[in-house]
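Encoded as structure tokens, the structure appears first; notes follow it.
The values are calculated or read from the model by the stated rules, or taken from the named source; none is laboratory data. The structure displayed is predicted, hence computed values, not measured ones. We place every Cβ from the backbone using ideal geometry, glycine too, and count neighbours over all the protein chains shown. Surface areas here come from the heavy atoms of the whole protein model, side chains and all, with no ligands, DNA or RNA. Shrake-Rupley method; radii C 1.70, N 1.55, O 1.52, S 1.80 Å.
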Amino acid sequence: MQNNSIRFACNGCGICCKGRLVPLTLNETRQWLERGHEVAIILEAFEQSIWTAGPQQFAHAAGRAVEVPCGNSHVRAVAVFAGNALVQCQSLGDDGRCGIYEERPLVCRIYPAEINPFIALDPENKICPPEVWEEGEVLFTDRIVDPVLADQIERSRQADREDAQAKIALCETLGLNVAAWKGNALAVYLPDRQQLAEAIARYDAGKVGPARSNWKVRVDAPALRQQLHQVGLAFDDQLPTDYIFHAL
Ligand code: SF4
Ligand code: SF4
């Protein structure tokens with residue numbers, strides 16, 4: 001057995017069901033809305049000439065992004081649709097258990113393992129209580145050990161890639177086209193549930209095309225603004241009214 005093996009046994013504490021956004025595939029978003037639950041949308045953007053990580057990380061990020069016009073140039077935009085569990089997940093029961101356990105989203109099945117292939121699992125970065133790392137099956141050595149979990153992670157990555165165009169098209173049809181800069185901040189929208197459901201229904205009926213509106217980025221950090229200005233990107237400098245700007 002490798003020395004770096006990590007054991008894990010979920011104790012069902014439900015901490016990971018509170019105070020967070022729960023990323024959803026497009027199909028999971030449909031189901032989430034059908035349950036009458038709220039969905040948030042996080043928009044972020046990046047650009048190859050200002051990318052600071054390696055080429056493999058860029059390829060991974062670009063695979064789940066869509067190139068859109070921005071000012072005199074283009075950016076890669078990523079839309080993360082996420083169940084709103086900022087207080088707590090609306091499916092979390094009074095008994096502290098998941099009320100949709102058999103249908104829960106992929107990310108709930110995967111947590112606390114990582115979906116991003118460039119981030120190694122580190123218990124210290126997870127919100128699980130310390131005792132859950134002391135027993136149970138080996139979860140991780142230098143890779144995910146459980147083939148079922150590995151398959152769920154791959155399905156999640158694949159859905160990110162397959163849903164990217166549709167999610168950006170849906171944002172455009174809802175008029176959401178300001179993104180924060182990846183790694184610098186998050187632009188979080190809380191769209192009307194009914195409007196989002198209707199937009200997805202129009203998309204499913206083939207009535208939402210791949211229109212490309214001109215996007216803007218919201219960046220407050222002076223040095224980064226200067227960099228982005230030099231490549232001709234357009235900024236949103238209005239006080240944000242339809243999104244929450246959350247600096248990282
Ligand atoms: S769907 Fe279930 S497991 Fe996922 S956050 Fe909600 S209550 Fe927790
Ligand atoms: S926080 Fe960790 S231990 Fe608690 S329910 Fe979530 S995955 Fe399980």
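Points worth noting:
- Selection count, the stretch 121-137, where residues are open to solvent by less than 70 Å² (accessible area, probe 1.4 Å) and either aromatic (F, W, Y) or within 25 Å of Q57 (Cβ to Cβ) (or both): 5
Residues checked against (1) at pLDDT 95 or above; (2) within 14 Å of ligand 1 (Cβ to nearest atom):
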residue: G14; (1), (2): no, yes
residue: W32; (1), (2): yes, yes
residue: R35; (1), (2): yes, yes
residue: L43; (1), (2): yes, no
residue: A65; (1), (2): yes, no
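- Within the stretch 157-248, strands (runs of 3 or more DSSP E) holding 1 or more residues that are closer than 21 Å to T25 by Cα: 178-181, 185-189
- Where a residue in the stretch 148-175 is acidic (D, E) and its partner, wherever it lies, is assigned to a helix (DSSP H, G or I) and open to solvent by less than 30 Å² (accessible area, probe 1.4 Å), with Cβ under 6 Å and at least six apart: D163/L26
- Scan of the stretch 161-173 for residues that are under 13 Å from the mean Cα position of the chain (by Cα) and surrounded by fewer than 20 Cβ atoms within 10 Å (Cβ to Cβ), ordered by number: R161
- Here L176, L106, L186, L190 are screened, and the one residue that is more than 15 Å from ligand 1 (Cβ to nearest atom) and open to solvent by less than 20 Å² (accessible area, probe 1.4 Å) is L176.
- Which numbered condition R76 fails, given (1) touching a residue at least 60 places away in the same chain (Cβ under 8 Å); (2) under 15 Å from the mean Cα position of the chain (by Cα); (3) under 19 Å from L176 (Cβ atoms): (1)
- Residue within the stretch 2-17 that is over 17 Å from A113 (Cβ atoms) and either assigned to a strand (DSSP E or B) or of a type in the set (D, E, K, R) (or both) present: no
- Checking each residue in the stretch 98-120 for being outside any loop (DSSP other than H, G, I, E, B), more than 12 Å from ligand 2 (Cβ to nearest atom) and farther than 30 Å from F58 by Cβ picks out E102, E103.
- Assessment of the stretch 204-212 against the conditions (open to solvent by 80 Å² or more (accessible area, probe 1.4 Å), more than 18 Å from T241 (Cβ to Cβ) and within 16 Å of ligand 2 (Cβ to nearest atom)) yields no matching residue.
- Search result, residues across the stretch 65-97 that are more than 16 Å from ligand 2 (Cβ to nearest atom), open to solvent by less than 20 Å² (accessible area, probe 1.4 Å) and not in a strand (DSSP E or B): A65
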